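*Asks:* This is the structure I want to talk about, given as structure tokens.
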Amino acid sequence: MVPTYTGTMPVTFTRSTALRQRAEKLFPGGVNSPVRAFGAVGGEPPFVERGEGAYLWDADGNRYIDCFGSWGPMILGHAFPPVVEAIQKAAANSASFGASTASEADLAEKIVACYPAIEKLRFVSSGTEATMSAIRLARAATGRKIIVKFEGCYHGHSDGLLVKAGSGVATFGIPGSAGVPEEIAHLTLALPYNDLAAVETAFAAHPGEIAANIVEPIVGNAGCIPPAPGYLEGLRALTTRNGALMIVDEVMTGFRVALGGACELYRLEPDLVTLGKIVGGGLPVGVFGGKRALMDQLAPLGPVYQAGTLSGNPLAMAAGLATVGFLQEHRAEVYPKLEKLSATLANGVANSASSAGIPLTTNRAGSMWTWFFTLGPVTNYEQAARSDTRRFAAFHRAMIEAGVWLPPSQFEAAFMSTAHTDADIEQTIDAARKAFAII
Ligand code: HOZ
């Protein structure tokens, strides 16, 4: 029986420290994804042993209120029984076939029902694959080479998208990535988010050359930055007018800010949509989809090649189906509950910061949010980058020690789950109030 850590005694990291030392011999930086190393916040990264509902337990038995939800997928909390049962049932029939199954169509039909912009889709195994494939398709369909992305947005780690990217790239202050040839990086234009004039200028400077723009409709990877009123609609109109395609990357926002994601919230009709995270219920799934005529340019019907041994994996489909099915069936309760919990938490912490005289800007879109340590406003990456990252790091450490696990970077979004309770929210606000007194 692991002891329950309630934030009232000092945490110890003896086992996590030993596990980190072992991992450092095996993995670069001791991790399989850079932000997990806590490089930007310091302190010992806890090694997780198990999760249940809104909580994580580490190898030393410390319990945390989880405010990052595996970076988004765990909207229903950890080890949600219907998801666990679905995975177990699928696993009993074998983990992989490399051949088609009915479960792929079952999940695809649900996705198509929630995202009117998606008539046909492909399953892949990560968000990175989804955006990379969507871009190849957009280039093929338009016969153009240039891609427009927005500063601080992160669309996975394919070569052409690691230009002024968010997430770990912003966290570690890497302007691009070594190993990406200039010739490839030059085909990507990175423009400020929430700035339609910049998009207009780019189209004017590259007539007939821009294949597509790709946008996080609500940025999550520079911290949470919602779109200014009319921004996405304006982007849609400008893109159409210039014969380019609009790719809306809903890897974070899909099924999160609404069942139909940001497309539903803002009544958007992009040419291509990418999904990930929640759609796989915690298992590795990515999706790219759009209008039938566009998607039919993919092999084997068309000349655009894209493939994957584990695409449509039956365990991943089962987890996705259980998660999306639950969200679809209970949308009337789920989204209002997430909104209420998230608003209470975000505002409670913001009020504590204000009482403590700490400059804090709270950005929130439903159940994703970021507390930026700056006076704000934060409407683009440049403004997010003005945050006091040292203070954020101190805040993060104090919260971890109080049993609350926030994403370990100022430039990431936090996530709420339906498993969080009012008591969890109260405990988190209280932890923040105490943290503000010492940072
Ligand atoms: N893409 C995730 C959110 N920024 C982070 C996952 C990771 O880099 O480990």
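*Asks:* Relative to the compact globular guide of 2.2 N^0.38 Å, what is the alpha carbon radius of gyration of region 281-439, as a ratio?
*Replies:* Dividing the Cα Rg of region 281-439 by 2.2 N^0.38 Å gives 1.34.
*Asks:* Let me ask something else about it. Run the dipole for the chain about the Cα centre, Lys and Arg Cβ at +1, Asp and Glu Cβ at -1, nothing else charged, and hand back the magnitude in debye, nearest 20.
*Replies:* 320 debye
*Asks:* Of the options CYS67, PRO207, GLY179, report the single residue whose Cα projects farthest towards the positive end of the charge dipole of the chain (beta-carbon charges: Lys, Arg +1; Asp, Glu -1).
*Replies:* The Cα lying farthest towards the positive end belongs to GLY179.
*Asks:* Return the tail of the calculated pair distribution for region 240-285, meaning the percent of Cα-Cα pairs more than 13 Å apart.
*Replies:* 56 percent
*Asks:* For region 9-50, what is the charge dipole size about the Cα centre, in debye to the nearest 20, if Lys and Arg each add +1 at the Cβ and Asp and Glu each add -1 at the Cβ?
*Replies:* The calculated dipole for region 9-50 is roughly 120 debye.
*Asks:* When a/c is below 1.5 the answer is rounded, else prolate if a/b is larger than b/c, else oblate, so apply that to region 242-343 with a ≥ b ≥ c taken from the square roots of the Cα gyration tensor eigenvalues.
*Replies:* Here region 242-343 falls in the oblate category.
*Asks:* For the chain, which DSSP H helices look membrane-span-like by this rule: Cα extent along the axis of 20 Å or more and mean Kyte-Doolittle of at least -1.0?
*Replies:* Helices meeting the span and hydropathy rule in the chain are 127-142, 314-329, 331-356, 422-436.
*Asks:* Still on this model: Which loop GluC sites (Glu not before Pro) in region 37-99, with loop taken from DSSP, have no more than 12 other Cβ atoms within 10 angstrom of their Cβ?
*Replies:* Within region 37-99, no GluC sites (Glu not before Pro) qualify (loop, at most 12 other Cβ atoms within 10 Å).
*Asks:* With an 8 Å cut-off on Cα pairs and a minimum separation of 6 or more residues, tell me the relative contact order of region 18-100 in percent.
*Replies:* 16 percent
*Asks:* Tell me, in nm to one decimal, what length is gained between THR344 and ALA178 on full extension, where the rule is 0.36 nm per residue of separation less the Cα-Cα distance?
*Replies:* Taking THR344 through ALA178 to full extension adds about 55.6 nm, to one decimal.
*Asks:* Hey, another quick one. Take ASP66, ASP296, ASP60 and order them by how many other Cβ atoms sit within 10 Å, fewest up front.
*Replies:* ASP296, ASP60, ASP66
*Asks:* Can you tell me which of HIS157, HIS206, HIS186 moves the most in a GNM of the chain? Springs connect C-alpha atoms under 10 Å apart.
*Replies:* Highest fluctuation among the options: HIS206.
*Asks:* Binning at 10 Å from 0, report for the chain what percent of all alpha-carbon pair distances ends up in each bin.
*Replies:* Distribution as computed: 5, 22, 32, 27, 12, 2, 0 percent.
*Asks:* Please tell me the relative contact order of the chain in percent, rounded to the nearest whole number, where contacts are Cα pairs under 8 Å and at least six residues apart.
*Replies:* Relative contact order of the chain: 23 percent.
*Asks:* Right, another one. Using Cβ counts within 10 Å as a stand-in for footprinting exposure, how do THR323, THR361, THR240 rank, fewest first?
*Replies:* Going from sparsest to densest Cβ surroundings: THR240, THR361, THR323.
*Asks:* Give, in whole angstrom and from largest to smallest, the semi-axes √(5λ) of the equivalent ellipsoid of region 364-438, with λ running over the eigenvalues of the Cα gyration tensor.
*Replies:* The three semi-axes for region 364-438 are 21, 16, 10 Å.
*Asks:* OK, next. So how compact is region 33-83: Cα radius of gyration and Dmax in angstrom?
*Replies:* 11.7, 36
*Asks:* By how many nm would the segment from GLU85 to ALA197 lengthen if fully extended, with 0.36 nm per residue of separation less the alpha-carbon distance?
*Replies:* Gain on stretching GLU85 to ALA197: 35.3 nm.
*Asks:* What's the exposure ranking of ILE278, ILE400, going from fewest to most Cβ atoms within 10 Å?
*Replies:* Ranked by crowding around the Cβ, least crowded first: ILE400, ILE278.
*Asks:* Once you have a ≥ b ≥ c as the square roots of the Cα gyration tensor eigenvalues for region 1-144, tell me rounded if a/c is under 1.5, and otherwise prolate or oblate according to whether a/b is larger than b/c.
*Replies:* prolate
*Asks:* If packing is taken as the average number of other Cβ atoms within 10 Å across a peptide's residues, how do 13-21, 264-272 rank, most packed first?
*Replies:* 264-272, 13-21
*Asks:* Still on this structure: Note the full-extension length gain between ASP430 and ASN351 as 0.36 nm times their separation in residues minus their Cα-Cα distance, in nm to one decimal.
*Replies:* Result for the pair: 27.3 nm of gain on full extension.
FYI, it's all coordinate maths here, none of it is from the lab. Just so it is clear, the model here is predicted, and its values are computed rather than measured. Heads up, the Cβs are rebuilt from the backbone with ideal geometry, glycines too, and the neighbour counts pull from every protein chain shown.
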